[in-house]
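Student: Here it is, the structure in full.
The values are calculated or read from the model by the stated rules, or taken from the named source; none is laboratory data. Everything numeric in this text was worked out from a predicted model, so none of it was measured. Quick reminder, even Gly has a Cβ in these numbers, built from the backbone with ideal geometry, and neighbours come from all protein chains shown. Side chains are part of the model used for accessible areas, which takes the heavy atoms of the whole protein and leaves out ligands, DNA and RNA. Shrake-Rupley method; radii C 1.70, N 1.55, O 1.52, S 1.80 Å.
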Amino acid sequence: MKNIAHLNAVRAFEASARHLSFSLAAKELNVTPAAIGQQVRLLEEWLGVSLFIRATSGISRLTLTEQAKVALPEISLGLEHISQGLALLQKPIINNAITVSVSPAFAAKWLLTHIDDFQLKYPDYDLRLNTNSRSVDYFAEDIDIGVRYGKGNWPGLSQILLMDEDIFPVCSPDLVEQGLTLPSDLANYPLIHDHSMPISSGFPTWSSWLSEQGIDNVEATKGLKINNSASVFQAAVAGQGVALGRSVLVKDDLACGRLVKPFPVLNSSTELAYYIVWRPEHDGVEKVQAFKSWLLDTAAVIQRYR
């Protein structure tokens, strides 16, 4: 694109062409008529064409040349675009996107089942979910806020407890109808193992649960092994075996009858829990505070009816 020279002269011509008057153009641009006339002549000399037919008498002393009539709509549009662009430069950029980091299982089994409530309450915010099974770097990956499962010890991040969790076996209703009624009956059914977190993290396993319950007739390592919690529970829904249910993640499956607790009284707690985590410098950021408050309020309501 050729460089635009004499922008003031272009503005003077455009205003004069709309009004067909140097005086009215001068009033619009807050300069003198003589200055307008001088700018128009400067533009004509630079272009090498006449823009107006000037008369010394009559109602209208300025008439556009044919070339000017053709060019005027494009010039007017161009100046309007420049005006709009300058207005945008004067407006602060408002970033209403909230980048949220959660595990795939927590997203599928908890967050996405409630997220429409947040969007109804805060329609001006756009959520961007980062669902990753690994622990993401909040600083390198520009994460605003998230939910992590663990013991609440993540150096460099602010954190607050969101929900604790109970652990208990779950299976499809069909397995209970087939005769799975006592803990000792687990010896006759495949176990489904969740390998989404390392044992060293304190993540509940069949070995630890069976030992805690004093059940010693079940081979704790047999069965299907899956590295995604949501897939573990889907396998249990499909009747592939018995999984260790996590109260936060299986709540909806239990409520809908897709899963049942074959031993309702055998619950155990875990030292792991769900924590909201965020970068310390985001303590005062309105959108982060809004999402954190919504998480806490939503969890409180759900826990109340658990």
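Student: Report the gain in length on full extension from Leu182 to Ser268: 0.36 nm times residue separation, minus Cα-Cα distance, nm rounded to one decimal. Before the final figure, lay out the partial values.
Tutor: Working: separation 86, 0.36 × 86 = 30.96 nm, distance 1.65 nm.
Length gained, Leu182 through Ser268: 29.3 nm.
Student: How much of the accessible area of the range 162-234, in percent, comes from carbon and sulfur atoms when a 1.4 Å probe is used?
Tutor: That share works out to 49 percent.
Student: How about the range 128-157: which trypsin sites (Lys or Arg not before Pro) there are in a DSSP loop, with at most 10 other Cβ atoms within 10 Å of their Cβ?
Tutor: Those that pass, being in a loop and sparsely packed, are Arg134.
Student: If the limit is 21 Å between Cα atoms, which of Lys151/Lys225; Lys109/Lys225; Lys121/Lys251; Lys121/Lys151 go over it?
Tutor: From Lys151/Lys225; Lys109/Lys225; Lys121/Lys251; Lys121/Lys151, over 21 Å: Lys151/Lys225; Lys121/Lys251; Lys121/Lys151.
Student: Also: For a quick check of your reading of the filter: which GluC sites (Glu not before Pro) in the range 201-300 sit in a DSSP loop and have no more than 13 other Cβ atoms within 10 Å?
Tutor: Here the GluC sites (Glu not before Pro) that fit, given the DSSP loop and packing criteria, are Glu219, Glu271.
Student: Which aspartates and glutamates have a Cα lying under 13 Å from the Cα of Lys292, excluding residues fewer than 8 positions away in the same chain?
Tutor: Asp144, Asp283
Student: What number, rounded to the nearest 500 deg cm²/dmol, is the helix-based mean residue ellipticity at 222 nm of the chain, given -39500 (n - 2.57) per DSSP H run of at least four residues and division by all its residues?
Tutor: Working: 10 runs with 122 residues, N = 306.
The per-residue figure over the chain is -12500 deg cm²/dmol.
Student: With r as the distance between the Cβ atoms of Asp216 and Lys151 and R0 = 25 Å, compute the FRET efficiency 1/(1 + (r/R0)^6) and round to 0.05. Working shown, then result.
Tutor: Details: r = 28 Å, r/R0 = 1.14.
The formula returns an efficiency of 0.30 here.
Student: Net charge within 12 Å of Pro33 by Cβ-Cβ distance, Lys/Arg positive one each and Asp/Glu negative one each, not counting Pro33 itself?
Tutor: +1
Student: Using a Gaussian network model on the chain with a 10 Å cutoff between Cα atoms, which of Leu224, Leu42, Leu259 fluctuates the most?
Tutor: Answer for the Gaussian network model of the chain: Leu42.
Student: Still on this structure, please answer the following. Quick one: how many Å² of Cys256 are accessible to a 1.4 Å probe, rounded to 10?
Tutor: About 90 Å², rounded to the nearest 10.
Student: Can you match percent of Cα pairs over 37 Å apart to one of these, (i) 22; (ii) 47; (iii) 17, based on a calculation from the structure here?
Tutor: (ii)
Student: Another question, if that's okay. On average over all directions, what projected area in square nanometres does the range 178-306 have, based on the convex hull of its Cα atoms?
Tutor: If I average the Cα hull's projected area over directions, I get 9.6 nm².
Student: Same structure again: Count charges around Ala12 for me, please; just the other residues with Cβ under 15 Å from its Cβ, Lys/Arg as +1, Asp/Glu as -1.
Tutor: After counting each charged neighbour, the total is +1.
Student: Kyte-Doolittle mean at least -0.5 and Cα extent at least 24 Å along the axis: which DSSP H helices of the chain qualify?
Tutor: Helices meeting the span and hydropathy rule in the chain are 66-90, 286-304.
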